[in-house]
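None of the figures in this text is laboratory data; all of them are computed from the coordinates on show. The model shown is predicted, which means the values in this text are computed figures rather than measured ones. With ideal geometry, Cβ positions are generated from the backbone for all residues, glycine too; neighbour counts draw on all protein chains shown.
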Amino acid sequence: MTSTLLQDPVGESDFRIHSLFRATRFAASYVVGAERRRKNREWEAAKMDLAEKAGGSELDWQETGALLDEAIGGIDSFRIATKVAPT
């Protein structure tokens, strides 16, 4: 009995191998992406759960606002300090 690969016309077995390779690669890519998305969702849920357990207070938001204002002010002063004179 001859091998199936030997019975196929030239190139047909290459096409089958290539098709199988591509299908396997796409399936693996899908699984990896799904796993990454699942981990991201779990991470976000854990962060939300932790924040909920900690109980956000108005003081936290005031501190956050002050830090944001300071950071934005730093950006503006950096822009002014690095401004290039018009040519």
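Which shape class applies to the range 8-81: rounded if a/c is under 1.5, otherwise prolate when a/b exceeds b/c and oblate if not, where a ≥ b ≥ c are the square roots of the Cα gyration tensor eigenvalues? Kindly include the intermediate steps, with their values, before the conclusion.
Details: a/c = 13.56, a/b = 2.34, b/c = 5.79.
In terms of gyration-tensor shape, oblate.
So, R0 is 41 Å and r is the distance between the beta-carbons of Ser77 and Ala27; what FRET efficiency does that work out to, to 0.05?
Details: r = 53 Å, r/R0 = 1.28.
Between Ser77 and Ala27 the formula returns 0.20.
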